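Q: Next up is a structure, given as structure tokens.
The values are calculated or read from the model by the stated rules, or taken from the named source; none is laboratory data. Because the structure is a prediction, the values reported are computed rather than measured. Cβ sites come from the backbone with ideal geometry, for glycine too, and all protein chains shown count toward neighbours. Just the protein is used for accessible areas: all its heavy atoms, side chains included, with ligands, DNA and RNA removed. Shrake-Rupley method; radii C 1.70, N 1.55, O 1.52, S 1.80 Å.
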Amino acid sequence: KEQHYSEQHSSLINKAYQTLLNPLSRGLYLLELSGVEPAQETDCDRDSAFLMEIMEINEKLAEPKNEDNFEEIETLIKAKQEELTRDVTAAFERDDLQEAKKLLAKMKYFANLEDKLKAKKIPS
């Protein structure tokens, strides 16, 4: 009976672990626990400097394959993700859920860029 119970709940435990392991999913989960709706993609539209930065990275990703270019983009994306993770952590510590919401929306953009970069690096 215990083994059956363990089997049923192991997938839930794995899902919870994966949620807490990733800063973006962890932050979104914390917002959900606080009753705050996650930001929509259009919520970042007011930050034109941020959108220009995202567009520039997308343009670089659209260029023909160039390993040096990919490494530069990967370094930039990781640095931005680390910076945003620190900022989100600070926002949650201040209990500034609206700021955390905005920062998590930006993190989503960088997570999408990371996914695009990984897809480009995998040979077709």
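Q: Please find, in a Gaussian network model of the chain (springs between Cα atoms separated by less than 10 Å), the residue of LYS102, LYS80, LYS15 whose mean-square fluctuation is greatest.
A: Comparing LYS102, LYS80, LYS15 in the GNM, the peak value goes to LYS15.
Q: Ignoring ligands, DNA and RNA, what percent of the 1.4 Å accessible area of the chain is carbon and sulfur?
A: Solvent-exposed carbon and sulfur of the chain make up 52 percent of the total.
Q: Here is a follow-up. Could you work out which residue, out of ASN58, ASN14, ASN69, moves most in a Gaussian network model of the chain, that is, has the largest mean-square fluctuation with Cα springs under 10 Å?
A: Checking each option, the largest mean-square fluctuation is seen for ASN14.
Q: Rank GLU82, GLU63, GLU74 by mean-square fluctuation in a GNM of the chain with C-alpha springs under 10 angstrom and give only the top-ranked residue.
A: So, out of GLU82, GLU63, GLU74, the one fluctuating most is GLU63.
Q: Another question, if that's okay. Just how large is the dipole of the chain about the Cα centre, in debye to the nearest 20, putting +1 at every Lys and Arg Cβ and -1 at every Asp and Glu Cβ?
A: Taking the Cα centre of the chain as origin, the dipole is about 400 debye.
Q: Using every Cα-Cα pair within the chain, state what percent have a distance larger than 19 Å.
A: Working: 4336 of 7626 pairs.
In whole percent, the long-distance tail amounts to 57.
Q: Next question. Just report the Cα centroid separation between segment 61-124 and segment 1-35, whole Å.
A: Measuring centre to centre over Cα atoms gives 23 Å.
Q: Return one whole number: the accessible area per residue of the chain in Å², for a 1.4 Å probe.
A: That works out to 71 Å² per residue.
Q: Relative contact order of the chain: what whole-number percent is it, with Cα pairs under 8 angstrom and at least 6 residues apart? Write out the running numbers ahead of the final one.
A: Details: 76 pairs, mean separation 38.6, N = 124.
RCO, the chain: 31 percent.
Q: As I understand it, the dipole of the chain uses +1 on the Cβ of Lys and Arg and -1 on the Cβ of Asp and Glu, about the Cα centre. Which of ASN58, ALA90, TYR17 lies farthest toward its positive end?
A: Highest projection toward the positive end goes to TYR17.
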